[in-house]
Amino acid sequence: MTAVATEASRLIRVFELERDRGFDNQAVVGGLDRMLIQMVEDGVIRRGTILEARLHALPGGGYRSLDAAGRESWVAGTLSALRREQAPPVPPRPLATGQRPASRSGGLAEASPAPARGRAVPPVRKLAPNTTPTASAASSHDSGGAELHPASPLTRLPGVGKAAAERFGRLGVATAGEAVFLFPRRFNDFTDLRKISELRPASQPQTVVGTVFTIGEVRFGRRVRGTQAVITDGSGMLKAMWWNMPFVARALSEGQRVVLSGRVREYRGRIQMENPEYEPADDDSFEGGRLQPVYPATQGLGQRTIRNAVKAAVEALADQVADPVPEWLRREEGLPPVAEAIRAYHYPPHVGAAEQARQRLAVGEFLAVQSAVLMRRAEWQQGNDAPSLSLDAERGGFLKSLPFPLTRAQERCLAEIENDLRGPHPMLRLLQGDVGSGKTVVAFAAMLAAVRSGYQAALMAPTEILAEQHYRSLSHLLSGDQLTALDGMFAPPWLGRPLRVLMLTGSLTPNQKQQIRGDAAHGGADIIIGTHALLEDDVAIPRLGLAVIDEQHRFGVMQRARLRQKGMNPHLLVMTATPIPRTLALTVYGDLEVSTIDEMPPGRKPVRTRWYQPHERDDAYTFLRKRLDAGEQAYIICPLVEESETLDVRSAEEEFEHLRNGPLRGYDLELLHGRMPARQKEDVMSRFGRNEARALVSTSVIEVGIDVPNATVIVIEGAERFGLSQLHQFRGRVGRSEKQSYCLLFSSEEDPGPEARERLEAMCETTDGFELAEVDLRMRGEGETWGRLQSGSNTMLRVARLTDRDILLRARSMATRVLSLDPMLQKPEHRALAAAVKPFLEKATEAN
């Protein structure tokens, strides 16, 4: 499908949504007029096309000035025109000699953009930091003139031919303007070169220049490979290790002069660098002592080529970059010009200057993010017609029916939610807490408030296992151990009326799904618990007053919006058991208010955690058998379902056979993994929950939602292959009673590498999920964590980091000030900010 066809399909969906909403001009943020004007200015709508003709059919006041009938007529005509353009073309007849084919370009641009009506197009558009011209635009701007423009192709830069341009494309750089934003990921500090004899173990990277004395590929265990080298500079010898990077042995050769930069540690009495950055040493690298930028690279594209190309782009184009920080705000905040910061980041006089420049650019990026999330929040909360929900007099009866008193933190969070539920604006709140802190009962209270007030509630979970766990937990809460003859019907005495809870998941039969959909649509279900099946078009919940989403990071913004559209402008409560650092909460979840349960139920003991290396396994199994002999149960977690030829870790199936024929022979074991049919998984979990099996061998399918208080030990195989967040989630499966619980971390190697070692040591040092989240954040930086704000290789945030707390809070305050003056960013002085905000709003739309 071409880009034009994709854009047409997207527009059809927008206009269909506008029709389905009753032509309220709210299908997109800011209204249809704003979207159409932006498309004209961006050259997406061309002169002479059918879509431009539809624009001419609008009155001077635009779509917003039409009455309901006028809007309906215009949308219907536009949809008809767009669909005609999508119809397959009639095969052309042969042309006579010299005859030119007729143009059938449709409503969207495939060539150079046309100017908006009544608006002159300047020769060079300023380039917003988060919006870069397309390659097609480049060809129209760069038709042979010598001047370099932001849209100029990379081949206009020195040393960049067609092959190099293709390699730049792997880095997300297609134009000269995009090269300006290819910022260094580090610097070779030739102002502070160390001799090998001067190196000391430290957490900060150190740089040396030396000659490769020996280098070769090595193996760590049965399958994991890497590279080992010895570097010398005349003052000493340095061992360098690259874990899981055997290709380094082919990239460097003995006798080659190289620059190494990385962390130095002591291992068995000798210093070594682990996974250092490396590159061939240029003869001119060290003249005068300076900071040399090191850019993201790709195979076949050397640093010298990147440096020369980026330098030319920065020198020619830095002054053409449009600052997302409005000029009036930049003066008030005392910020330097954006062009000055760009130059300083690429070529700083000292390390401090590079960091200052990065922080200045991060202000602009965070301002765009915060403006986007605040605009999303304002859109969600527009109108005063959210239902008013309350437990009211039944609140006391509900709390007394619980088998435990709420903690102070639970009481505080419930009060915050109840205050939002009273309306009139729809609630948009994130409820977070560590594993086992009691988020679910708070969410259940909110759902019962909806039922008590005459509305329906829905809870959407990311997996069937978690949905089933919620169903069982709510059933137990409403009836104790007594289920009525009619499954799902409950009559708690404190509520004063019966209610019905149904579960809708993908594994149900078509007839079962049809029955549940009918009950939900016609008032036969008060609470619906399910998975993504709740988002299907044929699921109607007409009196939906509250939607609860568990594990928000597995759902997109548009997915939660689809759930919301099923009801009467319902309230939204998002839950997550993954502790979220404040900076991440304000970016990815910035449109939600945050409630945090930061207190564990009384009587819970911290889980004791220990890391076992391969030679210590027998001791671990001896300990495990003692716990099982005491009547307790255990989980054994494996990274894979089946044995792998490339990973040196035990699979669940392999470990199951190994344990029942070896260390745990004579004990009842069960196997659980995601490939099993839903009914089989449910049977396995039921037997384990009834203590009919002493140990459960499982894959990561049990990461969330499993609650067996008698399980006191969890063994995690290949622990070095899991991230900190997932390890902490696994550990949360135990420690759910007053018994002492244990987490045993098994690594596949004696030394799994520096990063894995740091994760495992952090797990042993603390059980605080929020503290581990900060460690995880520090270790991964803007890598995997920033993945939520990335699209392929085009990173929407180039320089901002999740550790930039003060900058983020400053940017949120700045965004609030701007939007208080211009809620839709329509003023001319805010045009650059609007362009920088646009990708984040579009990213949310694409989540659908």
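The values are calculated or read from the model by the stated rules, or taken from the named source; none is laboratory data. Just so it is clear, the structure is predicted and the values come from calculations on it, not from any experiment. For neighbour counting, all protein chains shown are included, and Cβ atoms are generated from backbone atoms with ideal geometry for every residue, glycine included. Only protein heavy atoms, including side chains, enter the accessible area calculation; ligands, DNA and RNA are left aside. Shrake-Rupley method; radii C 1.70, N 1.55, O 1.52, S 1.80 Å.
Consider ALA372 carefully, then state whether it is within 30 Å of the chain's Cα centre (by Cα) and not β-branched (Val, Ile, Thr).
yes
Of all residues in the stretch 799-843, which are outside any loop (DSSP other than H, G, I, E, B), among the basic types (Lys, Arg) and under 23 Å from the mean Cα position of the chain (by Cα)?
Passing the criteria: ARG805, ARG810, ARG812, LYS838, LYS843.
Residues in the stretch 485-513 that are loosely packed, with under 14 Cβ neighbours inside 10 Å and part of a loop (DSSP other than H, G, I, E, B): how many?
Residues meeting the conditions: 10.
Which residue out of ALA811, ALA800 is at pLDDT 90 or above, in contact with a helix residue (DSSP H, G or I) (Cβ under 6 Å, 6 or more places away or on another chain) and not basic (Lys, Arg)?
Selected residue: ALA811, the only one of ALA811, ALA800 that is at pLDDT 90 or above, in contact with a helix residue (DSSP H, G or I) (Cβ under 6 Å, 6 or more places away or on another chain) and not basic (Lys, Arg).
Residues that are closer than 29 Å to ARG497 by Cα, open to solvent by 50 Å² or more (accessible area, probe 1.4 Å) and not in a loop (DSSP other than H, G, I, E, B): does the stretch 382-398 have at least one?
There is at least one residue in the stretch 382-398 that is closer than 29 Å to ARG497 by Cα, open to solvent by 50 Å² or more (accessible area, probe 1.4 Å) and not in a loop (DSSP other than H, G, I, E, B).
Tell me yes or no: at least one residue of the stretch 829-837 is modelled with pLDDT of 85 or more and either basic (Lys, Arg) or open to solvent by 80 Å² or more (accessible area, probe 1.4 Å) (or both).
yes
Can you pull out the residues in the stretch 654-667 that are more than 19 Å from THR622 (Cβ to Cβ) and either hydroxyl-bearing (Ser, Thr, Tyr) or open to solvent by 50 Å² or more (accessible area, probe 1.4 Å) (or both)?
Hits for the stretch 654-667 are GLU654, GLU657.
Which one of the conditions (1) of a type in the set (S, T, N, Q); (2) closer than 28 Å to PRO754 by Cβ; (3) touching a strand residue (DSSP E or B) at 6+ places or on another chain (Cβ under 7 Å) does THR298 fail to meet, given that it meets all the rest?
For THR298, the failing item is (3).
Could you list, in sequence order, the residues of the stretch 1-28 that are open to solvent by 40 Å² or more (accessible area, probe 1.4 Å), modelled with pLDDT under 80 and not in a helix (DSSP H, G or I)?
Within the stretch 1-28, MET1, THR2, ARG21, GLN26 meet the criteria.
Pairs only if they're at least six apart or on different chains, beta carbon under 9 angstrom, first in the stretch 70-81 and in contact (Cβ under 8 Å) with a residue 24 or more places away in the chain, second outside any helix (DSSP H, G or I) and β-branched (Val, Ile, Thr); list them, first residue then second.
Taking only residues 6 or more apart or on different chains, not a single pair turns up.
Considering the stretch 514-536 alone, what residues qualify as being open to solvent by 40 Å² or more (accessible area, probe 1.4 Å) and over 15 Å from LEU466 (Cα atoms)?
GLN514, GLN515, ARG517, HIS522, GLY523, GLU536
Please determine, by comparing only the residues of the stretch 678-700 that are modelled with pLDDT of 80 or more and exposed (fewer than 15 other Cβ atoms within 10 Å of the Cβ), which one is nearest to GLU653 (Cα to Cα).
GLN680
Count, please, the residues in the stretch 422-453 that happen to be assigned to a loop (DSSP other than H, G, I, E, B) and under 30 Å from GLY735 (Cβ atoms).
The number of residues fulfilling the criteria is 5.
Is it the case, given these coordinates, that SER197 is surrounded by fewer than 22 Cβ atoms within 10 Å (Cβ to Cβ), more than 38 Å from the chain's Cα centre (by Cα) and part of a helix (DSSP H, G or I)?
yes
Can you tell me which condition LEU430 does not meet? The list is (1) modelled with pLDDT under 90; (2) surrounded by fewer than 19 Cβ atoms within 10 Å (Cβ to Cβ); (3) within 17 Å of ASP591 (Cα to Cα), and all the others hold.
The single condition LEU430 does not satisfy is (2).
Which ones in the stretch 510-528 are over 12 Å from LEU499 (Cα atoms) and in contact (Cβ under 8 Å) with a residue 12 or more places away in the chain?
The answer is LYS513, ILE516, ARG517, ASP519, ALA520, ALA521.
Looking only at the stretch 388-404, how many residues end up being under 37 Å from the mean Cα position of the chain (by Cα) and hydroxyl-bearing (Ser, Thr, Tyr)?
Going through the stretch 388-404 one residue at a time, the tally reaches 2.
Do you know which residues across the stretch 305-333 are over 24 Å from GLN826 (Cα atoms) and open to solvent by less than 60 Å² (accessible area, probe 1.4 Å)?
If the condition is that a residue be over 24 Å from GLN826 (Cα atoms) and open to solvent by less than 60 Å² (accessible area, probe 1.4 Å), then THR305, ILE306, ARG307, ALA309, VAL310, ALA312, ALA313, VAL314, ALA316, LEU317, ALA318 are the ones that fit.
When you scan the stretch 553-650 for strands (runs of 3 or more DSSP E) that lie fully inside it, which ones turn up with 1 or more residues that are open to solvent by 30 Å² or more (accessible area, probe 1.4 Å) and either closer than 22 Å to GLU416 by Cα or at pLDDT below 85 (or both)?
Filter on the stretch 553-650 gives 593-597.
Going through GLU749, GLU782 one at a time, which residue ends up being modelled with pLDDT under 80, open to solvent by 30 Å² or more (accessible area, probe 1.4 Å) and more than 24 Å from the chain's Cα centre (by Cα)?
Just a single option satisfies the conditions, and that option is GLU749.
Just to verify a result, which residue in the stretch 42-69, among those that are at pLDDT 75 or above and charged (D, E, K, R), is farthest from the chain's Cα centre (by Cα)?
Result: ASP67.
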